[in-house]
Amino acid sequence: MSFRIVIVAPFILAGLVCTPMVNTQTEKMKCCDTVFIYSKGTSKQVTHTNALQRIVDEATRLFDQADNIYWRPLSQSDIDGFRERSCIEIIFANPREMVVRAIKESKTISKFLIPLDKSMCADYAHIIYGDPDYKTFNLLLNSEGCGRLQKIVEALYLTK
């Protein structure tokens, strides 16, 4: 078993534990992804494997189907602001090669941050990606919005 320490804002949180009995490399990679839910200035790490996988799958789907780029400069204070309000952040155990559909370009993605507050989620899902870090203009839009992701997160909070 291995542990990862992830430093997020002022918090130090222990990462997920990978089970040594994993059948495939893909399963092992997914097992070690880390998901944080931020809400009203607090953070919660998702440790339930099923919930973690549902969040990662939906965020990945939003990224894969993003149909536009939002040419908005992003700063560290913007990222901190999203974390203060409401968002999810996924840190991949192993960076993933993914295609940014809107520009038909392959990127090595290490993390996503998706704001969940109404102003950023109602009409479009805003997907901020790190390659490896969050950078200015690393912001995609998905015209479906992020209602599904919000429902997964809400269900997680209701069952805890």
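The values are calculated or read from the model by the stated rules, or taken from the named source; none is laboratory data. These numbers come from a predicted model, not from an experiment. Here the Cβ positions follow ideal geometry from the backbone for every residue, glycine too, while neighbour counts run over all protein chains shown.
Some values worked out for this structure:
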quantity	calculated
Filter result for Glu89 (acidic (Asp, Glu), modelled with pLDDT of 95 or more and under 10 Å from the mean Cα position of the chain (by Cα))	yes
Cβ-Cβ under 7 Å pairs, at least 6 apart or on other chains, the range 71-92 side under 13 Å from Met120 (Cα atoms), far side of a type in the set (D, E, K, R) and not in a strand (DSSP E or B)	Arg85/Asp117; Ser86/Asp117
Selection count where residues are crowded, with 16+ Cβ neighbours inside 10 Å, assigned to a loop (DSSP other than H, G, I, E, B) and among the hydroxyl-bearing types (Ser, Thr, Tyr), scope the range 54-100	1
Qualifying residue in the range 114-137 (condition: assigned to a strand (DSSP E or B), surrounded by fewer than 21 Cβ atoms within 10 Å (Cβ to Cβ) and touching a Leu at 6+ places or on another chain (Cβ under 6 Å))	yes
Of the criteria (1) surrounded by 13 or more Cβ atoms within 10 Å (Cβ to Cβ); (2) modelled with pLDDT under 95, which one Lys40 fails	(1)
Selection from the range 101-113 of residues that are assigned to a strand (DSSP E or B) and within 17 Å of Gln65 (Cβ to Cβ)	Glu105, Ser106, Lys107, Ile109, Phe112
Residue under evaluation Asp133, criteria (1) modelled with pLDDT under 90; (2) under 17 Å from Val35 (Cα atoms), criterion not met	(1)
